[in-house]
Amino acid sequence: MAFQIQGPLTLQGYDERGRPQFGFSAPAPARPLSAPPPRLPRQEARLLPPLQPQRPAHPKGASSTRPVCTPDGKEPLEGYFTAQFGDSGNDYVTLRFRRQGTNRSFKPGQILVGYLAGPDNQSSYESFASVDSRGRCWIWHAYTGNQRLRQAVASVLGDQRLAGEAWARMSQRCWLCGQPLTTPESLDLLVGPDCKRKKLR
């Protein structure tokens, strides 16, 4: 049976030819190489529960999850609107209400609400809500905690014409279609003649 010798290897001296001689100064007790290693107690694997998606903590029935409704329960007008906060005139949010095409895969035929998120006053909008046929504006899950946007929607739906005229006054464009106002009458009414005839009755 083979044995393994364990211990520090040290210099023991030199032979008659000056060659170094090494040896184990304090060998440890030998044990058979074939001896099995000691068994450690087996530990059961602990599996962590799967991660659950994080959801904002909105109590049941909280106002942030309820829709913002039009006063008459009808669909709002499409157009551009300015919701002002305070009396300074410098704190406001610009919104756009635009209907999706019926051939679109995402909410076809519904009005989407977007806020101005870039430099272009007509195209740099990011949608965050949709309006159903009963005039209920549903703010999407990712934006339910944004009270500023919710207040802006409530302000616009409370008086669309007032909010639209505020946008037209700042941009010199028709608040219903976004086209420039060019005639004295349209500049005075803050709406183009075609939109006045077709959309405002």
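The values are calculated or read from the model by the stated rules, or taken from the named source; none is laboratory data. As the structure is a computational prediction, the values presented were derived from the model and not from experiment. Every residue, glycine among them, receives a Cβ derived from its backbone with ideal geometry; neighbour counts consider all protein chains shown.
When segment 154-201 is limited to residues that are modelled with pLDDT under 90 and charged (D, E, K, R), the one that is nearest to Gly135 (Cα to Cα) turns out to be Lys199.
Out of Ser88, Ser127, one residue alone is surrounded by fewer than 15 Cβ atoms within 10 Å (Cβ to Cβ) and among the polar types (S, T, N, Q). It is Ser88. The residues in segment 101-120 that are polar (S, T, N, Q) and either in contact (Cβ under 8 Å) with a residue 60 or more places away in the chain or touching a Lys or Arg at 6+ places or on another chain (Cβ under 8 Å) (or both) can be counted, and the count is 1. Pull up segment 130-145, narrow it to residues that are small (Gly, Ala, Ser) and either within 19 Å of the chain's Cα centre (by Cα) or crowded, with 18+ Cβ neighbours inside 10 Å (or both), then point me to the one that is modelled with the highest pLDDT. Only one residue tops the list, namely Ser130. Of the residues making up segment 87-114, just one is hydrophobic (A, V, I, L, M, F, W, C) and assigned to a loop (DSSP other than H, G, I, E, B), namely Phe106. Show the residue pairs meeting these rules: Cβ distance below 9 Å; 6+ apart or different chains; first residue within segment 123-150 and in a loop (DSSP other than H, G, I, E, B); second residue of a type in the set (Asp, Glu). Final answer for the pair search is Asp132/Glu75; Ser133/Glu75; Arg134/Glu75; Gly135/Asp72; Gly135/Glu75. Among the residues of segment 184-195, just one is buried (at least 16 other Cβ atoms within 10 Å of the Cβ), assigned to a helix (DSSP H, G or I) and not hydrophobic (A, V, I, L, M, F, W, C), namely Ser186.
In the set Tyr92, Tyr80, Tyr125, Tyr143, only one residue is more than 28 Å from Asp194 (Cβ to Cβ) and hydroxyl-bearing (Ser, Thr, Tyr); that residue is Tyr143.
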